[in-house]
1. Would you please name the residue that is farthest from the other protein chains (Cβ to nearest Cβ), looking only at residues in the range C:70-126 that are of a type in the set (Gly, Ala, Ser) and within 19 Å of C:Glu259 (Cα to Cα)?
2. Give just the number: which of (1) within 14 Å of chain A (Cβ to nearest Cβ); (2) of a type outside the set (A, V, I, L, M, F, W, C); (3) more than 25 Å from the chain's Cα centre (by Cα) does C:Thr137 not satisfy?
3. If the requirement is being assigned to a loop (DSSP other than H, G, I, E, B) and touching a residue at least 12 places away in the same chain (Cβ under 8 Å), which of these qualifies: B:Pro52, B:Pro8, B:Pro15?
4. Which one of these does A:Val123 not meet: (1) buried (at least 24 other Cβ atoms within 10 Å of the Cβ); (2) closer than 24 Å to A:Arg146 by Cβ?
5. Look through A:Met286, A:Met244 and report the one residue that is part of a helix (DSSP H, G or I), more than 13 Å from chain C (Cβ to nearest Cβ) and of a type outside the set (Ser, Thr, Tyr).
6. Among the residues of the range A:151-179 satisfying the criterion of being in contact with a Pro (Cβ under 8 Å, 6 or more places away or on another chain) and among the hydroxyl-bearing types (Ser, Thr, Tyr), which is nearest to A:Leu9 (Cα to Cα)?
7. Pairs only if they're at least six apart or on different chains, beta carbon under 7 angstrom, first in the range C:110-121 and closer than 11 Å to C:Leu67 by Cα and touching a residue at least 12 places away in the same chain (Cβ under 8 Å), second hydroxyl-bearing (Ser, Thr, Tyr) and surrounded by fewer than 21 Cβ atoms within 10 Å (Cβ to Cβ); list them, first residue then second.
8. Among (1) on the phi > 0 side of the Ramachandran plot; (2) at pLDDT 95 or above, there is one condition A:Gly318 misses while meeting the rest; what is its number?
Amino acid sequence: MTELENRILAEAQRLLSENLADVVIAFKQADTPLRPQPAFFTDAEAVNDLVYNGLCQNNLANYLTRYPREKKIAMVVRGCESRSVNALVLENQHPRENLYLIGIPCEGIVDWRKIVEAVGEDVLSVQDQADIVVVRTPKGEFTLDRAALMHGSCLRCTQKNPLGTDVTIGKPVAEQDPHLLRERVKNFEALGIQTRYEYFRQESERCIRCYACREACPMCYCEECFVDHTGPRWTESGVTPAGMQGWHIIRAFHQTGRCTSCGACERACPMDIHMTYLTDKLNTDMYDKYQFVAGLDAKTQTPFAAFNLDDKNRFVAGGTSK
Amino acid sequence: MWTNPVNPNPYLPTPMRVLHAYYESTDRSLKTLELAFVNQQDRVRFFEKFNPGQFCQLSVFGKGESPLGVASAAWEGDFVRFTVQKMGLVTKALHQLQPGDSLGLRGPLGNGFPLADWKGKNLVIIGGGCAFSTLYALTKHVQHAQNRADFGELIVIYGARSSGLCMYKHDIQSWYQRDDMQVHQAIDVPEEDWSHHVGYVPDVVKQIAPSPVNSVAIVCGPPIMTKFTLPALVGLGFPPETIFTSLEKRMKCGLGKCGRCNIGSKYICKDGPVFSLAELNALPADI
Amino acid sequence: MTYLLKKSEVNQTLRAWTSKAHVYAPQKVQKYAQFLPVGEDFELSVEEPHNTRFPPKALFLPQSETLLKYNPQKRELESAKTPDQPRIIFGIRPCDAKAVTLLDSVFSSEDNPDPFWQARRDQSVLVGLGCDQPCATCFCTSVESGPFDRSGLDAILTDLGDTYAVEPLTERGVSLFENLTVASAETTQTIQAIQEKATREMPIAFGREGLKAHLDELFENEIWEDFAKSCLGCGICTFLCPTCFCFDIVDEVRKSTRERNWDTCMFKVYSIEASGHNPRPSRRERTRQRLMHKYSYWLDHTGQTGCTGCGRCVRYCPVGLDIRAMVRKSVATPSEVPHVD
């Protein structure tokens, strides 16, 4: 166990034994080497298999909406997760007073796909060390540069340090240039419309409509997803261009002002589909038009959910524009 | 009219035409459709296989299919009756159909009631809500002069939430005049001018207390009614082998392929929808 | 008789077959391999020690498929055409071919054969590629199969370095490989040794004895709740599974068609009934259905386990749920433990 893991474990045990939390949501070692498993500890005595490393790829805020509001939930949160929690609290998914956030400054998530690309899909074990990742395979042991394995969303991350936590474990990390995400959007927009459409077509046509992106996303908590709605039906149900493109574009739009660019959708996708470029674009738009960044706090209403009599758009009585 | 080429495609419906369409309930949530076959060979093929308790997939093209129990007996004529509760996309579309309109039908599907095994037995028919429609088909079948002698006593217990939701009113009213059967109707809460039972079906069953001797009980209703009626019958002394029910599932193909109606070793669409309580007890509690 | 096919001649052989059939083989899509039609610029991709990411069941049961067309104006129905082209599927792994034979029990059943499945089956020749180096997520020998299982195959290949040994298993298989060099007795022995070694070295993931009965007794156990806790409820494990076959039927208005699309018991809407009642309302029941269907109900239906140990669900689960570990944990759970709400 690393020192960081020991400290998280001690905190989890304390919270449980002092009845400050009904459940501590963290990670434990899974049965497969590339992905630790979200873990739900309820007993201080049984927290021993807790792990925390760069392979912890899920956004744990995703599990928040599975609990009744009165449950006291403690959760390990990195920067993006803390923003997702804020966004969920803002949307009344759980009262903040029943949450206890154990913040961890994040060194970035290691993308299992990049490991697989480097060593093949047959992986026996992975060790995340400070600057390197050691991967054991039937073909032998590989030492990989950690920086080169970082998930795309983490490369562009603007909030590595968790926000609004109840306790923070580990030293704060340096934040990156906040324009990295915008750069990506700009570069993509610079491509011609044909190229951009071709890219979207190629990405969406690999979709198998397993909805792992939806299920991995903390903000996709709707009781009934639009794709399952029958009256009216919003998209074709099959793996047709209309169905697959419809799914990805509408999913992205539903995230406007809510997505925290955590990239959990992309990491869950079994077909390596890039989809964060759509939400990144919407995120930059939200900033440019409304100076809004999702999840910075749990109070500022998202522009599309806010109601204001002084709204500049004419659809509100008293609005100023004609 | 929809035409249908001769084809082994089991997903291809038989073309049908609406003969009659009328509301069953005052709130217009229940509508009965009587359908005629467009092609005579389809009619012959249907009635060769048909048995009360079976269901069909009704199609409105552009909307989809919906599984519905048949609400008529073969002797009633060359039509097939269904009572449709307005619930989702397809049932809403079915409600909009008028006499003369076209639709598709696949069926009859499923096993139906094991009538041969019930020969000589008293039948206790217990229904609730719109699920009574298949029991209506069973009652109509048994009532026919040619079939009536095959069975002993006939008791029908039928409950609805309110009098406005009672189906087949005029016909059921006439059953009270018959001397070869007993009818008990119930509504959940008292209403003025209601002279029959008031209360939930399981309680009415306990009150009427039909004899289990040489009897079978057939229960069709909403899941909650079935859940409490089955033990009530066991309490009255009905062995599980003599209690039957028809399961509702989200059936799609009706052929045991699409997998969705799987419960343990059974596919409800193919092996059911009619099961005895003894058979259900042997299945995982996935109902 | 065993033949030898030089790897350097595979591309050319497959291209030559395209004159008489549609030929499908694993090819690279982005960074993974998938079965695609062999065309002019075809390049075989079988370097990964395991199967393609997307299962070849889709060659027989496409994820989306038209069942019929309707013409709203003329009020005519038209059955979708059943495919009538001969096909050769090259490089299918034994687990995936075995899965196709399992699915035959559903789609080629005597009472109601599915004409679309049947047509594709009748017209397909399956050339399998045995697995001489089974990988960490494979467990075919634990589920009545093996790295050189011949089920469903018309011929099976064994990798000999720069050559494939070809063992035709059916007449169709024989006709595909007519003019090849015959392997020597010595080579035949080598092949046998490779196949036996691969089978022998495959670790057993769990014991199957008494497994079904035990799982049946665990139906109400809290173990399912435990598995479901981290489960996202996505469709990866079932859509990538070579034996999962559930589908939904929907009408597509824009195309005036009725289509079937793969569906999965892992989705909430899958089981919800017209009355609104959902017999599998939470992930607990849905996770249970997936595992129980494969390891119990399939045995009721066909006497065989509905899993061929391909390992896809293990490799791609976003939360690292491993069906082998789930089975092992089930086995380790005493069945008398009551379910606690």
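The values are calculated or read from the model by the stated rules, or taken from the named source; none is laboratory data. Since this is a predicted model, take the numbers as computed values, not measurements. Cβ atoms come from the backbone with ideal geometry, glycine included; neighbour counts cover every protein chain shown.
1. C:Ala119
2. (3)
3. Selected residue: B:Pro52, the only one of B:Pro52, B:Pro8, B:Pro15 that is assigned to a loop (DSSP other than H, G, I, E, B) and touching a residue at least 12 places away in the same chain (Cβ under 8 Å).
4. (1)
5. Every option except A:Met286 fails the conditions.
6. A:Thr168
7. C:Pro115/C:Thr82; C:Phe116/C:Thr82
8. Going through (1) on the phi > 0 side of the Ramachandran plot; (2) at pLDDT 95 or above one by one, A:Gly318 breaks only (2).
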